[in-house]
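Encoded as structure tokens, the structure appears first; notes follow it.
The values are calculated or read from the model by the stated rules, or taken from the named source; none is laboratory data. Not measured: the values here are computed from a predicted model. Methodologically, a virtual Cβ is constructed for each residue, glycine included, from the backbone with ideal geometry; neighbour enumeration extends over all protein chains shown. Accessible surface is based on the protein model in full, side chains and every heavy atom, while ligands, DNA and RNA are left aside. Shrake-Rupley method; radii C 1.70, N 1.55, O 1.52, S 1.80 Å.
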Amino acid sequence: MSLKQGILTSVSNLEVCLNVQELMGAAVKMNAAGMPYVHTGGYNMVFQLQHNKKKWAFRVWHVSIPESKEHAMKIAEYLNKNRLEYFAEFVYEDRALLVEGEYLDAIRMRWLDGYMLKDYLNKHIDSPEKIIMIAERFSVMCELLRSKNISHGDLQHGNIIVDAHDNIRLIDYDSLCIPEFEGRQENIFGLKGYQHPSRFTNGKMSIYSDYFSELIIYLSLIALSEDSSLWVKYNVFDSERLLFDQDDFQDICNSPIYIDLLKLSPKVTDLLHILKAYLNEDDYLKLKPFGFYLVDPEIVFFN
């Protein structure tokens, strides 16, 4: 039996296999086939458990990641000290689930209800004011994370949720970086359509690693608010990107999306100039937040 199947079997029998006191008596969400509803990623499986009217995401690794236990425990501690509304309650659980005679560790997080970013955009693609609002709330979130010396490390559509009040929430904290992790070797690099090309050759954990992704997401949102036809033209909903993919970054000025976006507002063209400057830099850790380039320089000395 594969580890994935073993985890699935154990979650189907929580009354016997679950070893988390705070979740004792919890029920797992089932799919139409009568099996646990599960989202399986590259490294872990996520189940929805309900306990005393509270919903939890229960994440179990099906692939061993070096230092994953220490990383998760340190992240939980740091987020609890630096509480931000963008992150769910996050608890590392030792020996949480009995699988084929051995206990596996897990992460328990409050379940975040809402739309995944692309689902939200698909619903509101003809409401530019909604998309602009999300873009600006995203920008504010990025500033707050920077002020707390936190980088998500994998900012992309699949890790952003928009709740019923149009507030942004983040999921998947395996790639988070805090000051204590600065300079460590990365295991998770993010989707290529959101990352500077140098990240895949120079990848070290850094609290500065989100700057390129922040620009890609913000620029894409502003562009979609100005021209909703881009959503269909670039088949955004069914892709693993927003408006840019890794091929665009190889020759940005001749890429079709770049040429299309040049037709939009001065705000979009300013952001495109920043993207060009980013791509001319050979090390993503030397980038500055895109907002830095949008503020007029301050004269501190004049001769």
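Annotations
- Multiplying the residue separation of Lys81 and Asn254 by 0.36 nm and subtracting their alpha-carbon distance yields 57.7 nm.
- Residue-averaged [θ]222 nm for the chain, counting only DSSP H segments that reach four residues, each worth -39500 (n - 2.57): -10000 deg cm²/dmol
- Computed about its Cα centre, the charge dipole of the chain is approximately 600 debye, with only Lys, Arg, Asp and Glu carrying charge at their Cβ.
- Charge dipole of segment 129-252 about the Cα centre (unit charges at C-beta), most positive-ward option of Gly203, Gly193, Val232: Gly203
- Over all other residues within a Cβ to Cβ distance under 13 Å of Met205, the charged ones net out to -4, with Lys and Arg as +1 and Asp and Glu as -1.
- Ranked by the mean number of other Cβ atoms within 10 Å per residue, highest first, peptides 107-116, 155-164 order as 155-164, 107-116.
- Between 0 and 90 degrees, the angle of helix 68-81 with respect to the longest Cα principal axis of the chain falls at about 70 degrees.
- Among the GluC sites (Glu not before Pro) in segment 95-184, none is located in a DSSP loop while being surrounded by at most 10 other Cβ atoms within 10 Å of its own Cβ.
- Charge context of Ser175, other residues only, Cβ under 9 angstrom, K/R +1, D/E -1: -4
- Helix 128-147 and the longest principal axis of the Cα set of the chain meet at an angle near 80°.
- At the residue level, Glu15 shows approximately 140 square angstrom of accessible surface with a 1.4 angstrom probe and all protein chains present.
- When Lys69, Lys53, Lys118, Lys276 are compared by accessible area at a 1.4 angstrom probe, the order from most to least is Lys53, Lys69, Lys276, Lys118.
- Cα long-axis angle, helix 266-280 against the chain (0 to 90 degrees, to the nearest 10): 70
- Accessible area of Cys142 in the full protein assembly, 1.4 Å probe (Å², nearest 10): 0
- Taking Cβ atoms as reference points and 15 Å as the exclusive limit, the residues near Ile222 contribute a net charge of -3, counting Lys and Arg as +1 and Asp and Glu as -1.
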